[in-house]
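Take a look at the structure below.
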């Protein structure tokens, strides 16, 4: 099936004559997102005279930062932003400017998440233990019965945990998700340290000097809330929903499905017909297409979605797809509710090689 998908996508690009990468449109989009972020930051720190002007500016800054991560950094990290390696590298390093580490992210996301999607013990994106249970193979604790209620509160702590703790822990331990992290080169160390210092300067030092501790803490908390919820919701709606499958690796660390079928089983699209959402999240609502073709620029995902569905239809497979954002959000909350219940039969689908490709109540393999 993977060969057939590749041939169909190759035919699409031959027919259209389009580049597989972002093209000039990505430069315009990047300029728009960075202008949005810089303007929001400048107004928030140097102008906002009242709380009722500061609140929308803090939310605006958080959304702009999320947009940079979704659309610029993500494509750059996958080498799909441009056909030039250096441009992709600089696009990926936009993550270092907004607090993360492009080096750690590249291994955690590109290698582990895309290779071991929804695999217990390997995919770090579903590891929120002990606070949340996202996979049927994870240990259930008594408080997980309430996770469908408290999960947004946890997302608030995602940005500071990521920028101030996770990256440093990964480098210090030399591993991510139980897998060894590659050694950092001298350039990697320079980018990591310079990025963290740059983030500390614009995100902590300058605001503290300008607005003072109390106003800074309030503003930083609001930015963290809006950024964490935005990032968490977009990432979780793509994999931790009622229709996706989760797997346990065998003794050799392998999963039972071929690669393409595994991606289709563990990934879901949502709100594909919403062009504004697609623009903002960098095509990550077309997660099926992204996981099948991560090195293709996200501007092509809406068109590739139709190509993928034509090939899947010939194999009797319907990719997971929630038509609306609200429907996907409900599926995520329902997934959390099921995995939090104490009864085994209500704890979600078993981690087995069973193929479930349909979001309907009685899916067929």
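The values are calculated or read from the model by the stated rules, or taken from the named source; none is laboratory data. Everything numeric in this text was worked out from a predicted model, so none of it was measured. Quick reminder, even Gly has a Cβ in these numbers, built from the backbone with ideal geometry, and neighbours come from all protein chains shown.
Inspect all residues belonging to region 110-117 and state whether any of them is more than 16 Å from residue 164 (Cβ to Cβ), modelled with pLDDT of 90 or more and touching a helix residue (DSSP H, G or I) at 6+ places or on another chain (Cβ under 6 Å). Within region 110-117 (the criterion being more than 16 Å from residue 164 (Cβ to Cβ), modelled with pLDDT of 90 or more and touching a helix residue (DSSP H, G or I) at 6+ places or on another chain (Cβ under 6 Å)), the answer is yes, since at least one residue qualifies.
Listed here are the residues, each with its yes/no results for (1) closer than 27 Å to residue 3 by Cα; (2) at pLDDT below 95; (3) touching a helix residue (DSSP H, G or I) at 6+ places or on another chain (Cβ under 6 Å).
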{"residue": "194", "(1), (2), (3)": "no, no, no"}
{"residue": "201", "(1), (2), (3)": "no, no, no"}
{"residue": "204", "(1), (2), (3)": "no, no, no"}
{"residue": "211", "(1), (2), (3)": "no, yes, no"}
{"residue": "223", "(1), (2), (3)": "no, no, yes"}
{"residue": "236", "(1), (2), (3)": "no, yes, yes"}
{"residue": "269", "(1), (2), (3)": "yes, no, yes"}
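Screening residue 47 with (1) surrounded by fewer than 23 Cβ atoms within 10 Å (Cβ to Cβ); (2) under 16 Å from the mean Cα position of the chain (by Cα); (3) closer than 19 Å to residue 201 by Cα gives one miss only, at (2). For region 283-300, the set of residues classified as buried (at least 24 other Cβ atoms within 10 Å of the Cβ) and under 23 Å from residue 330 (Cβ atoms) consists of 283, 285, 286, 287, 288, 289, 290, listed by residue number. The set of residues in region 17-36 that are without any contact (Cβ under 8 Å) to a residue 24 or more places away in the chain and either at negative phi or buried (at least 16 other Cβ atoms within 10 Å of the Cβ) (or both) comprises 24, 27, 28, 31, 32, 35.
Taking (1) more than 20 Å from residue 100 (Cβ to Cβ); (2) part of a loop (DSSP other than H, G, I, E, B); (3) in contact (Cβ under 8 Å) with a residue 12 or more places away in the chain in turn, residue 54 satisfies each apart from (2). Just one residue in the set 30, 60, 25 is more than 23 Å from residue 156 (Cα to Cα) and at pLDDT 95 or above; that residue is 30.
With respect to residue 240, is the statement that it is surrounded by 20 or more Cβ atoms within 10 Å (Cβ to Cβ) and at positive phi true?
Numbers: surrounded by 20 or more Cβ atoms within 10 Å (Cβ to Cβ): yes; at positive phi: no.
Considered against the rule, which asks whether it is surrounded by 20 or more Cβ atoms within 10 Å (Cβ to Cβ) and at positive phi, residue 240 comes out as no.
Scoring residue 184 on the criteria (1) buried (at least 18 other Cβ atoms within 10 Å of the Cβ); (2) not in a helix (DSSP H, G or I) leaves a single failure, condition (1). Is region 136-148 home to any residue that is within 21 Å of the chain's Cα centre (by Cα), under 23 Å from residue 116 (Cα atoms) and buried (at least 20 other Cβ atoms within 10 Å of the Cβ)? Within region 136-148 (the criterion being within 21 Å of the chain's Cα centre (by Cα), under 23 Å from residue 116 (Cα atoms) and buried (at least 20 other Cβ atoms within 10 Å of the Cβ)), the answer is yes, since at least one residue qualifies.
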